[in-house]
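Participant: Provided herewith is a single structure, encoded as structure tokens, for subsequent inquiry.
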Amino acid sequence: MKNPVQRSGNRCRVRSFSMAVLLVVFIAALQLRADEPYARARDYDLQHSRIALRFDLEQRKVLGDVTHSLAILREGTSKIWFDSVGLTIESVTVNKSPAKFETTADKLIVPLPAAAKAGDKFEVAIRYQGKPTKGMYFILPDKDYPDRPRQIWTQGESEDTRFYLPTYDYPNDRLTTETILTVPGTWITVSNGKLVSVSDAGKGLKTWTWRESLPSSTYLITVVAGEFDEAKDFWRGIPVTYFAPKGRGDRLPINYSHTPAMIDLFSKKLGVDYPWEKYAQVMVDDFVAGGMENSSATTNTSSSLNHPKIAAELYTDEDGLISHELGHQWFGDLVTCKDWGDIWLNEGFATFMESVWTEGHYGKDQADFERWDGMREWMGQANLFNKPIVRHDFDDSSEFDGNAYTKGGLVLHMLRQQLGDDAFYPALKHYLEVNRGKNVVTGDLAKALEESSHTNVDQFFSQWLYGAGAPKFDLSYSYDQDKHQVALTVKQTQKVEGRVGIFRVPVGVEITTASGHKLYEIPVSKAEQVFTFPADSAPLMVLFDKGGHILKSAEFHKEKKEWLYQLKNAAEFADRADATMALEKIKNDEEVVSALGATLRSDKSWGLRATAADALGRIGGTTAAKQLLDALNSANEPWVRYRIVYALGNFKDDASIAVKLTAIAKDDNSYRARAAALQDLGRLKSPGALATLEAAVSSDSPDGYLRNAALRALGPFGDDKAVPLLQQWSAPGKPIEARTGAIRSLASLEKGNQDITKQIAGYLSEPHFPVRMAALFALGGRGDATAIPALEALLKNNDLSIEMVPMIKEQIVRLKKPAGGKTPAGGEGEESAAGNGAGSEKGGDSAAVLQRLEKLEHLVQEMNERLKSFETRLPPPKP
Ligand SMILES: [Zn+2]
């Protein structure tokens with residue numbers, strides 16, 4: 001029961017605003033899905049599917065020929081049904097004889113000639129075609145974007161494979177596949193398993209045949225075809241391949257080259273070698289998620305193909321996304337949740353595997369930093385607190401939430417911490433081995449852990465997985481000089497209700513005195529307890545949960561000098577970071593400010609330096625500003641620099657800072673720092689900043705990085721003079737990322753100008769998903785009710801995905817609300833902002849709005865990175 005560890009989480013960085021829009025959509029979409037929570041009863045076992053697809057690009061159509069080999073499970077089964085939505089079934093044969101069939105809105109039903117016996121085998125062949133509204137996506141050039149590389153890709157999870165393939169579409173069945181794709185001769189295809197052959201199909205076409213011989217679930221089937229560049233690598237002779245949309249192949253190595261080392265580390269740590277015949281990662285445009293772990297063939301967003309100059313400024317590169325999807329190849333693909341209620345067995349483990357890579361490659365401090373950040377973020381999301389990780393009541397929300405991901409990963413860390421590495425990893429190996437190729441529920445993990453480690457985990461599972469919440473501690477201690485004793489009072493203050501109880505956790509307490517330090521383990525189990533420890537003299541430092549392993553919040557009543565000592569002397573990241581947060585609350589104190597300044601300049605962990613920069617920004621005042629400015633002179637790492645610059649955006653009334661920010665925006669070694677300075681200038685509404693922002697819009701930078709930042713900043717900046725520029729950059733033909741930022745900013749200017757509303761409404765019917773979403777939410781935030789008819793007309797479009805409808809309705813509701821309800825531009829999504837501390841209270845409406853905006857901006861920046869490791873349930877881009 002020891003060994004400190006970590007968890008993964010935020011790597012903060014500025015990214016495109018289209019990602020911010022996606023974030024908003026992600027939050028909205030979360031509330032709208034309703035997947036089947038429990039696994040279905042099965043009449044048959046689908047064993048193998050031969051899936052032959054052709055495509056009509058003009059029509060965005062799929063022409064399919066699928067043969068399912070299945071065995072009857074239920075005695076007396078007389079009909080076979082498949083999930084099938086929006087597909088036109090042309091013919092069906094059963095064992096090669098023509099068969100009758102019927103279709104409903106979401107099923108294809110094939111009657112059998114007679115009631116079947118259990119074990120009877122059938123071959124059901126289905127010829128069909130369709131224009132999928134989900135599940136399969138066509139990315140094609142158009143008049144505004146004539147050079148776009150052509151791409152067709154699929155996204156099955158959670159229940160969307162049925163939109164392009166009639167099949168059994170629920171995780172609790174597994175099958176092998178043969179995927180036969182006939183595409184233009186210059187295209188590349190990627191699917192599950194091994195590439196068997198590429199043959200000439202006449203008329204300039206080629207047929208690619210892929211075969212997957214390890215069974216997996218239908219949501220993990222993938223089809224990608226199009227104009228791609230390829231790069232190749234190997235791990236122990238297994239092909240490791242990477243694909244980028246044509247023209248961006250040179251970005252593959254810099255962003256993806258850690259993959260073989262990751263496969264190696266995971267294989268060794270888990271004691272189970274990478275199980276599939278190859279590992280491909282295909283980066284596609286307009287992807288509806290960050291990444292998707294299709295068996296042996298992950299699909300990721302092409303926004304992970306950073307420009308080399310931007311990639312060089314990212315501390316952990318794209319490793320969060322890459323390690324998450326790779327981790328799924330074991331947890332999710334080899335061993336699959338039986339139902340969506342147990343999705344944390346996929347997502348919690350994938351999140352945990354991110355941290356395994358982080359710790360292995362970047363070291364413990366980085367892993368600790370990410371875990372500490374993840375904990376704070378999770379504790380800040382009140383909507384998650386009362387829900388257990390394992391739950392089957394997600395009608396009104398999504399099962400793919402911060403409990404399945406962040407908390408799931410943190411819970412696995414606690415298990416690792418409590419069992420110790422020597423017991424934990426062999427137990428994971430056992431879990432993977434006994435469940436290999438099977439579907440699992442949470443109980444299967446408990447059983448495997450017990451079988452391997454001989455530790456009873458029932459109570460642990462009961463409170464952390466079937467129960468909800470986490471402990472909120474109130475802590476204080478006293479020292480008795482006569483008894484030479486420290487008495488630590490531990491109170492649990494979380495509201496005990498529903499599934500939230502009093503927690504039973506083993507906690508490491510470290511007492512440091514002048515003569516050294518000693519670690520104790522205490523069994524916390526009640527609402528209030530007092531623990532005593534020997535101590536030869538009054539303690540210099542008392543640490544509760546040393547190293548920060550338990551998911552919790554803690555209010556530890558300590559004196560300033562103790563926090564200062566802890567900031568300087570605590571060995572572990574989490575304890576120094578906690579000290580930073582506690583010290584931040586002490587205002588107008590030179591000693592605190594200078595201690596945080598020292599941390600900012602010289603802590604060994606960059607994450608702590610960044611945390612100190614944030615704290616100084618929130619403390620404010622001239623001495624805090626001076627610390628930040630001084631640190632900026634020596635902080636050359638772009639990941640630190642960017643955070644310092646961002647913190648400087650808090651100093652509203654300091655003209656010298658505006659001057660400094662202007663200088664950074666114009667010239668700095670770090671693009672991330674320059675982008676942060678541009679956003680600061682917008683937030684601060686610095687007089688005279690318009691020229692700087694406009695210059696940045698017309699400047700050249702990698703992938704328009706600075707332009708996009710400036711376009712986003714012009715909204716909060718709030719000067720109507722920017723309208724023509726924003727109109728220009730909102731227009732079709734401009735880069736999509738520039739457009740989404742420009743549209744959002746445009747919506748917050750000249751609010752009375754209905755022509756602007758009309759212009760934005762015009763983008764609602766565009767084929768580009770991010771533009772459409774940006775326009776939709778921009779209109780909702782603009783508050784001009786004249787947009788309502790356009791939104792209502794949009795509702796009548798028949799090409800909308802199911803999820804888009806409620807989002808449109810939501811914007812209509814916003815616009816129908818009487819004026820006065822404060823809705824800052826771009827404020828949709830702030831409901832999940834985990835902001836702590838209100839910052840400086842200046843009073844007045846605009847200050848409040850600015851604060852909310854600030855929070856949102858920060859949230860967006862923090863979330864952007866995380867977003868990519870979520871398989872979000874985003875609606876599809878519409879053709
Ligand atoms: Zn995942």
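The values are calculated or read from the model by the stated rules, or taken from the named source; none is laboratory data. Note that this is a predicted model, so its numbers are computed, not measured. Heads up, the Cβs are rebuilt from the backbone with ideal geometry, glycines too, and the neighbour counts pull from every protein chain shown. Just so you know, the surface numbers come from the protein's heavy atoms only, side chains and all, with ligands and any DNA or RNA stripped out. Shrake-Rupley method; radii C 1.70, N 1.55, O 1.52, S 1.80 Å.
Participant: Setting aside same-chain residues fewer than 8 positions from Lys721, which aspartates and glutamates have a Cα under 17 Å from its Cα?
Facilitator: Straight-line reach from Lys721, under 17 Å: Glu694, Glu750, Asp755.
Participant: Still on this structure: I need the peptides 74-85, 572-583, 433-444, 182-193 ranked by packing, meaning the mean over residues of other C-beta atoms within 10 angstrom, with the highest value on top.
Facilitator: My ranking of the peptides, most packed first, is 572-583, 182-193, 74-85, 433-444.
Participant: I've got another one for you. Within 10 Å of each candidate Cβ there may be at most 10 other Cβ atoms; applying that plus a DSSP loop requirement, which trypsin sites (Lys or Arg not before Pro) in region 134-174 survive?
Facilitator: Of the trypsin sites (Lys or Arg not before Pro), the ones in loops of region 134-174 whose Cβ has at most 10 other Cβ atoms within 10 Å are Lys143.
Participant: In addition: Which three extents, in whole angstrom, do the alpha-carbon atoms of region 28-150 cover along their principal axes, largest first?
Facilitator: Principal-axis extents of the Cα atoms in region 28-150, largest first: 58, 38, 23 Å.
Participant: Count the net charge of all other residues whose Cβ sits under 11 Å from the Cβ of Thr176, scoring Lys and Arg as +1 and Asp and Glu as -1.
Facilitator: Around Thr176, the surrounding residues sum to +1.
Participant: If you count only protein heavy atoms with a 1.4 Å probe, what accessible area per residue comes out for the chain, rounded to a whole Å²?
Facilitator: Value for the chain: 36 Å² per residue.
Participant: Need one word for region 186-241: rounded, prolate or oblate. Basis is the Cα gyration tensor (sqrt eigenvalues a ≥ b ≥ c); a/c below 1.5 gives rounded, then a/b vs b/c decides.
Facilitator: Here region 186-241 falls in the oblate category.
Participant: For Leu63 and Arg499 in the same chain, what is the full-extension length gain: residue separation times 0.36 nm, less their Cα-Cα distance, in nm?
Facilitator: Separation in residues times 0.36 nm, less the Cα-Cα distance, equals 152.1 nm.
Participant: Stretch Ala41-Lys438 to full length: gain in nm at 0.36 nm per residue minus the Cα-Cα span?
Facilitator: Going from the current span to full extension adds 141.3 nm.
Participant: Another question, then. Given the -39500 (n - 2.57) contribution per DSSP H run of 4+ residues, what per-residue ellipticity at 222 nm results for the chain, rounded to the nearest 500 deg cm²/dmol?
Facilitator: That calculation yields -11500 deg cm²/dmol at 222 nm.
Participant: Return one quarter of the surface area of the convex hull spanned by the alpha-carbon atoms of the chain, equal to its mean projected area, in nm².
Facilitator: 36.3
Participant: In addition: Starting at the first residue of region 324-331, write each ³J(HN,Hα) from the Karplus equation 6.51 cos²θ - 1.76 cosθ + 1.60 with θ = phi - 60°, in whole Hz, x for Gly and Pro.
Facilitator: 4, 5, 5, x, 4, 4, 8, 9
Participant: Sum up the charges of everything whose Cβ sits under 14 Å from the Cβ of Leu73, counting Lys and Arg as +1 and Asp and Glu as -1, but leave Leu73 out.
Facilitator: Here the charged neighbours net out to +2.
Participant: Using amide H atoms built 1.01 Å from N in the peptide plane, name the residues 5+ places from Ala116, or on other chains, whose amide H lies under 5 Å from its own.
Facilitator: Gly76, Thr77, Ser78
Participant: Based on alpha-carbon atoms only, what is the radius of gyration of region 97-152 relative to the globular estimate 2.2 N^0.38 Å?
Facilitator: Output field value: 1.88.
Participant: Can you tell me the length gained on complete extension of the stretch Lys816 to Lys232, counting 0.36 nm per residue apart and subtracting the Cα distance?
Facilitator: Computed gain between Lys816 and Lys232 is 204.8 nm.
Participant: Determine ³J(HN,Hα), in whole Hz, for all residues of region 737-751 in sequence, where each value follows from phi through the Karplus function 6.51 cos²θ - 1.76 cosθ + 1.60 and θ = phi - 60°; x replaces Gly and Pro.
Facilitator: Karplus-based 3J(HN,Hα) across region 737-751 equals 5, 5, 4, 4, x, 5, 5, 5, 5, 4, 5, 9, 10, 5, 4 Hz.
Participant: What net charge do the residues around Ala427 carry, taking every other residue with its C-beta under 9 Å from that of Ala427, with Lys and Arg at +1 and Asp and Glu at -1?
Facilitator: -1
Participant: Using a 1.4 Å probe over the heavy atoms of the protein chains, calculate the carbon and sulfur portion of the accessible area of the chain as a whole percent.
Facilitator: 51
Participant: Shifting gears a bit: Report Rg (one decimal) and Dmax (nearest whole number) for region 728-807, counting Cα atoms only, units Å.
Facilitator: Values for region 728-807 (Cα only, Rg and Dmax): 11.8, 33 Å.
Participant: Which of the aspartates and glutamates could a cross-linker bridge to Lys472, judged by Cα under 13 Å and excluding same-chain residues fewer than eight apart?
Facilitator: The qualifying aspartates and glutamates are Glu528, Asp545, Glu555.
Participant: Counting only DSSP beta bridges with both residues in region 197-354, tell me the antiparallel percent, nearest 5.
Facilitator: 60
Participant: Pairs on different chains or at least eight residues apart, Cα atoms closer than 25 Å: how many lysine pairs in region 179-305 fit?
Facilitator: Close lysine pairs found across region 179-305: 16.
Participant: Set the Förster radius R0 to 35 Å, insert the Cβ-Cβ distance between Lys751 and Ile586 as r into 1/(1 + (r/R0)^6), and round the FRET efficiency to 0.05.
Facilitator: With a Förster radius of 35 Å, E is 0.30.
Participant: In addition: Residue by residue through region 580-591, what is 3J(HN,Hα) from phi via Karplus (6.51 cos²θ - 1.76 cosθ + 1.60, θ = phi - 60°)? Round to whole Hz and write x for glycine and proline.
Facilitator: Running phi through 6.51 cos²θ - 1.76 cosθ + 1.60 with θ = phi - 60° gives 4, 5, 5, 5, 4, 6, 8, 8, 6, 10, 4, 5 Hz.
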